Amino acid sequence: MIRLQKVNKFFLKKKGAVHALKDVSLNIHKGQIFGIIGYSGSGKSTLIRTINLLERPTSGDIFVFEKNISMLSERELVPFRRKIGMIFQHFNLLSSKTVFENIAFPLRLTNTPKEVIAEKVNNLLDLIDLSEKKDEYPAALSGGQKQRVAIARALASDPEILLCDEATSALDPQTTKSILSLLKRINQQLGITIVIITHQMEVVRAICHEVAVISKGEIIEVKGVDDLFNQPSSPITAELLNPFLTVD
Ligand code: ADP
Ligand code: MG
């Protein structure tokens with residue numbers, strides 16, 4: 001469903017270039033919850049943003065729904081991006097709009113009829129279990145509730161893929177658990193393929209089927225989640241698995 005082939009990304013800076021992705025090749029299957037784990041600065045956000053071409057690769061090809069999207073123009077990308085939802089660490093809700101209007105937002109952009117919007121948003125409010133908050137503003141919500149609203153908004157345009165960039169990194173462990181179980185439900189009940197990037201091993205362990213480990217822009221290991229925990233083959237993976245802080 002998602003295939004990256006020798007993707008490279010350079011960021012040009014005054015002091016030279018940053019090689020953020022190095023020959024990254026990945027194959028993510030339909031229906032999977034695929035995790036990408038690595039330390040801060042390893043290239044996770046850059047990588048996930050190439051999947052909907054928010055970040056254009058410097059070289060390499062990206063196939064989504066069997067189509068090579070690397071060549072598409074911004075205009076050609078519009079309908080395609082609707083099939084790919086995205087959520088973020090800091091939720092990115094519109095603070096001047098209510099919960100209902102935040103979720104309705106992508107549907108308003110495509111001039112969806114009012115009655116269709118109402119039905120869809122109410123169903124999504126039901127799914128995220130926040131119907132009673134629909135007229136509140138984001139400021140009145142907890143972090144977990146905000147992320148639920150962001151998930152509902154991402155689902156409003158019926159995506160086939162959901163990209164999650166550190167979606168639980170700003171949440172406490174209990175709230176993280178409830179967001180992960182919502183994502184699992186979305187994967188199982190709606191059949192949506194989910195890509196999760198995180199630096200948290202427990203996130204990977206809780207819901208991912210397959211995991212790629214990224215270090216300094218390179219994919220150093222791709223495995224089923226059980227194998228990753230039982231037989232990490234790179235020192236970086238072993239280190240990520242053993243997250244006790246040591247201070248010299
Ligand atoms: P992660 O999400 O794993 O923390 P990122 O993908 O954000 O890592 O960053 C990978 C590398 O690319 C870092 O060295 C970062 O400084 C650099 N980088 C990311 N985005 C940009 C940008 N827009 N301009 C310049 N450098 C960037
Ligand atoms: Mg990041």
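Listed values, structure above:
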{"item": "Residues being assigned to a strand (DSSP E or B) and either within 21 Å of Lys30 (Cβ to Cβ) or charged (D, E, K, R) (or both) - total across segment 206-239", "result": "9"}
{"item": "Neighbours by Cβ (under 6 Å, 6+ apart or cross-chain): first from segment 153-179, within 25 Å of His29 (Cβ to Cβ) and without any contact (Cβ under 8 Å) to a residue 60 or more places away in the chain; second more than 16 Å from ligand 1 (Cβ to nearest atom) and in a loop (DSSP other than H, G, I, E, B)", "result": "none"}
{"item": "Criterion (over 24 Å from Asp172 (Cβ atoms), buried (at least 17 other Cβ atoms within 10 Å of the Cβ) and of a type outside the set (Val, Ile, Thr)) met by exactly one of Arg56, Arg108, Arg49", "result": "Arg49"}
{"item": "Which listed residue is closer than 15 Å to Glu221 by Cβ and more than 8 Å from ligand 1 (Cβ to nearest atom), from Lys14, Lys22", "result": "Lys22"}
{"item": "Qualifying residue in segment 153-170 (condition: part of a loop (DSSP other than H, G, I, E, B), among the polar types (S, T, N, Q), within 16 Å of ligand 1 (Cβ to nearest atom) and in contact with a Leu (Cβ under 8 Å, 6 or more places away or on another chain))", "result": "yes"}
{"item": "Residues of segment 51-62 that turn out to be over 16 Å from Asn8 (Cβ atoms) and either of a type in the set (S, T, N, Q) or away from ligand 2 (no atom under 16 Å from the Cβ) (or both), as a count", "result": "1"}
{"item": "Residue satisfying condition, being farther than 30 Å from Thr112 by Cβ and basic (Lys, Arg), within set Lys184, Lys216", "result": "Lys216"}
{"item": "Residue list for segment 155-192, filter: acidic (Asp, Glu) and touching a helix residue (DSSP H, G or I) at 6+ places or on another chain (Cβ under 9 Å)", "result": "Asp158, Asp165, Glu166, Asp172"}
{"item": "Any hit, segment 15-29, residues being within 16 Å of ligand 2 (Cβ to nearest atom), part of a strand (DSSP E or B) and free of Cβ contacts under 8 Å to residues at least 12 places away in the same chain", "result": "yes"}
{"item": "Members of segment 171-205 found to be over 30 Å from Ala17 (Cα atoms) and part of a strand (DSSP E or B), listed by number", "result": "Thr193, Ile194"}
{"item": "Of all residues making up segment 19-48, the number that are closer than 12 Å to Asn8 by Cα and not basic (Lys, Arg)", "result": "9"}
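Conditions (1) of a type outside the set (A, V, I, L, M, F, W, C); (2) buried (at least 17 other Cβ atoms within 10 Å of the Cβ); (3) in contact with a Lys or Arg (Cβ under 7 Å, 6 or more places away or on another chain); (4) touching a residue at least 60 places away in the same chain (Cβ under 8 Å), marked per residue:
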{"position": "Asn68", "(1), (2), (3), (4)": "yes, no, no, no"}
{"position": "Phe88", "(1), (2), (3), (4)": "no, yes, no, yes"}
{"position": "Glu101", "(1), (2), (3), (4)": "yes, yes, no, no"}
{"position": "Asp126", "(1), (2), (3), (4)": "yes, no, no, no"}
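None of the figures in this text is laboratory data; all of them are computed from the coordinates on show. What you see is a predicted model; the values in this text were computed from it and never measured. Every residue, glycine as well, gets a Cβ built from its backbone with ideal geometry; the counts of neighbours run over all protein chains shown.
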